[in-house]
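Here is the structure we will look at, set down as structure tokens.
All of the numbers you see were taken from the coordinates with simple rules; none came from a lab. Note that the coordinates shown come from a computational prediction; the quantities given were computed from them, not determined experimentally. Here the Cβ is made from the backbone with ideal geometry for all residues, glycine too, and neighbour counts use every protein chain on show.
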Amino acid sequence: MIEVRLHGRGGQGAVTANEILAEAAYYEGKYAQAIPMYGTERRGAPVTAYLRLDEVRVRERDLVHEPDIVVVLDPAIAQRPAILEGLKEGGLVIANYPHPPELYPLGGNFMVSTVDATAIALETLKRPITNTAILGAFSKVTGLVKVESIEKAILHRFPGPLGEMNVNAVRRAYERTPMPIQARGEVRKDEEGPLSGSGYGLIRSAAGWRTFRPVWDLDKCTGCRICWIFCPDNAIGWAEEKPTVDYRKCKGCGICVNECPTKAIEFKREGI
Amino acid sequence: MEHKSFEVMTGNKACAWGVKLSRVQVASIYPVTPQTTIGEYIAEFIANGELKCELVNAEGELATQAIVKAASRVGARTFVCTSGPGQLYMHHPMHGTSSGRLPVVMATVHRGNKGMQPDHTDLMSQLWTGWIQWYCENNQEVLDSVIMAYRTAEDKRVRLPIAIGYDGYILSYTSEPVEIPDQASVDEFLPPYEPIPNILPDKWAEAQRGRGAGMMEGFMSGGGDPQAAWRIHHEAILNSKEVIKEVNEEFGKRFGRKYGNGLVEEYRTDDAEAVVVAMGTIASTARVAIDRMRSEGKPVGLVKLKTFVPFPTEDFQELGKRVRAIGMIDRNVCLGLGGAGFGELRRALYDLDERPKVLGFYAGLAGAEVRVRDIEKMAEKTLKAARGEKVDPIVEWAKLGGGG
Amino acid sequence: MSERITIKQVPLEELVITPGSACQGCGAALAARLAFKALGPNTIRHSIPACPDNVTRTPTSGGEFEAGGDHVTGTWRALKALGREDVQVVGFYGDGGVYDIGFQSISGAAIRNENVFIICKNNEAYMNTGGQVSGATPQFAMTTTTPVGPMSRGKPHSRKNTPMIFAMHGVPYVATASVAFPTDLIAKVQYGKGIRGFKFLDILSPCPTGWRFDPSKTIEVARLAVQTGFWPLYEIIDGRKFRLNYKPRELKPVAEYLKLQGRFRHLSEQEIEEIQRSVTEYWERLLKLDEIGEILI
């Protein structure tokens, strides 16, 4: 039996990716079990999902605690040591990360491959929904499920142009993903909060929720307070007639960018 | 001898008197027979200036419970009452009240769920809501229980809501003399209620230190152990037994009346070979049956079960060592499972090395009249079992009506 | 009636504690931030099951979904009994809790004229459970329980006119607001706060996740809802005195609002026209009320 854990954020489609993988495996005569993390996940909040693949019916009903493979859909989460928790010795990490596996920042006794799934998603879907691209990488690196089966499962779920766009994302990722190498990064502890939450109450930081970050050009700012008043997350403060920003609170929704009357705010892709 | 004030009153008026003497600050009511007149009496007390209380005529029992729950959280002493179908409709917020550890006191004037006549299925159907449950046998006990309930529920070692059950019609509309305790004594017996935590904005920060910013009810608490919310609640109810006993003793000292040990009351069980166990007004009638049989030399006794939740397991285990058979009279049936009392009693006795026989009788459901002769027959059968004679069936629907 | 304020008169003090768990671009989170600025700290907030908008510094008391009106009633009556009538009692609830399952309880609180403020963060569906249809969902909107298919065109019925229904209880204050008009929203909360009795404010709070638009467009969508007449801003005193707070010379076509949202993507030209007709017709009725200044029934 192969056990997989997927990490992503609400809205990136980790749960859907998991179900597509299960369906694709089923086309190839395998039994699969796709488990979403229980709870109420929000768009942008970290989420976890689990997958088991086997030749016989899967009977375990607990979550996956010692995965063979970890798949990460989000480049910020991909840098969190917490994703390695329980990963088997010599296991595999497939990460959405904009640099080659040689530059992957985490280390330990595991293999790693990376693909810039966010870039592929922006090219093909025009939105940072990275779930289908990462599946192309999964097929390429593991060989556990054929890319044709993944495409078939995607088209079954999303018939028409949407499915075609996603198939396109899978193919590009399949082509661009290198074979895994021994991880070379740093071995360190995770000091941030949990990788999935209850869905209510306060969180430690929203920084990782962003694909893009708002950046102010204060020369263009007229001090109108529009960005300040419309921020749902109170990330924008107001001092000496100018905005201040707390990136720990900013979820990267882009309302301020969209509303600024003088276009003084630029939306820049988060650098990793 | 202290001054005693008696008045002939119905069970519902006795209940309202308990509310008045306890200086309830917020009450919420909704009409459903046979509890409706409690609210009318309270409204009258308020209208006449005899009681200062916010009375909310709500839009249903779900509302009455939710209203007193919120008021209790802010720090008011609260009262609510209901019957039968209203009790069922109230179910959801009852969980919130108990999970919030709020000392609401409720009167449940029993009305079964098949027709309008009394049985205990209304309150028994709330066994899973985490409330303490008391059952009363006369109007005096109703009044006294309301006062004792506030003292018990508000005790910082308890902080749980208490439901006081008494049989509809049989007590609610029946008049008998009831002694009204004097207000000054009640005030001394019942100190003011202080909420934990205090949620007034100026008290809030301190109360919430270390508890997180948002406050939801029990289901949100428990930290790392998801089961803790249930475990803590369960243990709190079990631990309330000592306080219930203590309050009963103190009430007895001050007012000259008490109700067994607060959990159970044994009646003529000395040297008894067999006892019957009864709740509510059946326990009252059973006293007569036991007296008659004792006068005929039959070694039978009665245990009145007042506190059903938490179940007086230890008291029954102790009794079980002294008697050879126990007949449980259930004015309820959990459909497909059986009588609630019968099941609990057997559960309590299972760990004894030598167990008495336990017989079950369904009696008084849907308002069926339970007469003295009916109870004599149940006690006779239990005595037979105690003496080693074969009895069949072990559990029966009592043939009622007092004849043959 | 509320008095107009400028953006510079909006209190700088924040009552919300962030970051919270709301989605990116959550309209309800903004509604909470703005409303609690005006309510201030001497407030007991009540919550019922709903999306997590924003945690506030106020005491917060949770309760049953179906009993929102009762939670605030109990709190207010206890404050009265304890002599603490200075404290504001607020129910900050979603549209499911106000329009549907808790409607009876809030109607009860309204008709008893309890001294409470019910604020609805209205995102027009059950978003906390994944976007099911509610009484606040507009006609034709696609939700997970009114999907679009050969046999279905989204929600078959129009939404419940809840603000008007509460106004007809004869309560002191009912108003609508939108997160795209924050000064209007805050002025209304400030005005309501000063009135003793039942207050109701219905805040249109777009949901990027459920309405299916990019999170950066929350305000754009909320603004167009008002500019097209789809969500008129008005206030009603004592169930009688009426004022429209936003009256453009000409409404924008409703299609501009609908086309921004995935939940209306399936609409045919004919359906858009149908919506336009009903919006225009209702708007004209409101204009008449505004002209008279009263609801004449």
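Side notes on the structure shown:
- Furthest towards positive pole of dipole, B:THR78, C:LEU15, A:ILE94, structure part the protein assembly as shown, Cβ charges: A:ILE94
- Centroid-to-centroid separation of the stretch A:62-130 and the stretch A:131-167 [C-alpha atoms, Å]: 18 Å
- Cβ-based charge dipole, chain A, positive-most Cα from A:MET179, A:PRO67, A:TYR50: A:TYR50
- When DSSP beta bridges are restricted to pairs lying wholly in the protein assembly as shown, around 40% turn out antiparallel.
- For the stretch B:294-345, the dipole from Cβ point charges (+1 on Lys and Arg, -1 on Asp and Glu) about the Cα centre works out to 240 debye, to the nearest 20.
- Formal net charge of residues neighbouring A:SER139 (Cβ-Cβ distance under 14 Å; K, R +1; D, E -1): +2
- In terms of its C-alpha gyration tensor, the stretch A:2-182 comes out rounded, because the ratio a/c of the largest to the smallest axis stays below 1.5.
- Span-rule helices in chain B, defined as complete DSSP H runs reaching 18 Å or more along the axis (Cα) with Kyte mean at least -1.0: B:61-74, B:139-154, B:228-255, B:281-295, B:372-386
- Its DSSP H runs of at least 4 residues, each contributing -39,500 (n - 2.57), put the calculated 222 nm mean residue ellipticity of chain A at -7500 deg cm²/dmol, to the nearest 500.
- The Cβ shell under 14 Å around A:VAL170 holds other residues with a net charge of +1, Lys and Arg each +1, Asp and Glu each -1.
- Cysteines in chain A that, by Cβ-Cβ distance, have no pairing candidate under 4.7 Å: A:CYS221, A:CYS224, A:CYS231, A:CYS250, A:CYS253, A:CYS260
- Shape of the stretch B:58-180, Cα gyration tensor, a/c cut at 1.5: oblate
- Pairs exceeding a 30 Å alpha-carbon distance, out of A:LYS220/C:LYS8; B:LYS203/C:LYS217; A:LYS268/C:LYS193; B:LYS156/B:LYS253; A:LYS251/C:LYS160; A:LYS220/C:LYS37: B:LYS203/C:LYS217; A:LYS268/C:LYS193; A:LYS251/C:LYS160.
- Computed helical MRE - 222 nm, chain C, DSSP H runs ≥ 4 contributing -39500 (n - 2.57), nearest 500: -10000 deg cm²/dmol
- Inter-centroid distance (Cα atoms) of the stretch C:66-110 relative to the stretch B:304-340, Å: 41 Å
- Top positive-direction residue, dipole computed over chain A with Cβ charges, set A:GLY193, A:THR130, A:GLY223: A:GLY223
- Gyration tensor verdict on the stretch B:311-402 (Cα atoms; rounded if a/c is under 1.5, prolate if a/b is larger than b/c, oblate otherwise): oblate
- Beta-bridge orientation, the stretch C:7-292: approximately 35 percent antiparallel, per DSSP, counting only bridges with both partners inside.
- What you get for the protein assembly as shown, charging only the Cβ of Lys and Arg (+1) and of Asp and Glu (-1), is a dipole of about 1240 debye around the Cα centre.
- The stretch B:306-404: trypsin sites (Lys or Arg not before Pro) in DSSP coil with no more than 13 other Cβ atoms inside 10 Å: B:LYS321, B:ARG387, B:LYS390, B:LYS399
- Only DSSP H runs of four or more residues enter the estimate; each adds -39500 (n - 2.57), and after division by the residues of chain B the mean residue ellipticity at 222 nm equals -12500 deg cm²/dmol.
- Under a model in which nothing but the beta-carbon of Lys, Arg (+1) and Asp, Glu (-1) is charged, the stretch A:207-269 shows a dipole of about 320 debye around its Cα centre.
- Tilt relative to chain A, helix A:131-142 - C-alpha long axis, 0 to 90 degrees, to 10: 40 degrees
- Annotation: the antiparallel percentage among DSSP beta bridges lying fully within the stretch A:6-126 is about 45.
- Surrounding net charge for B:LEU21, when Lys and Arg each add one and Asp and Glu each subtract one, Cβ distance under 11 Å: -2
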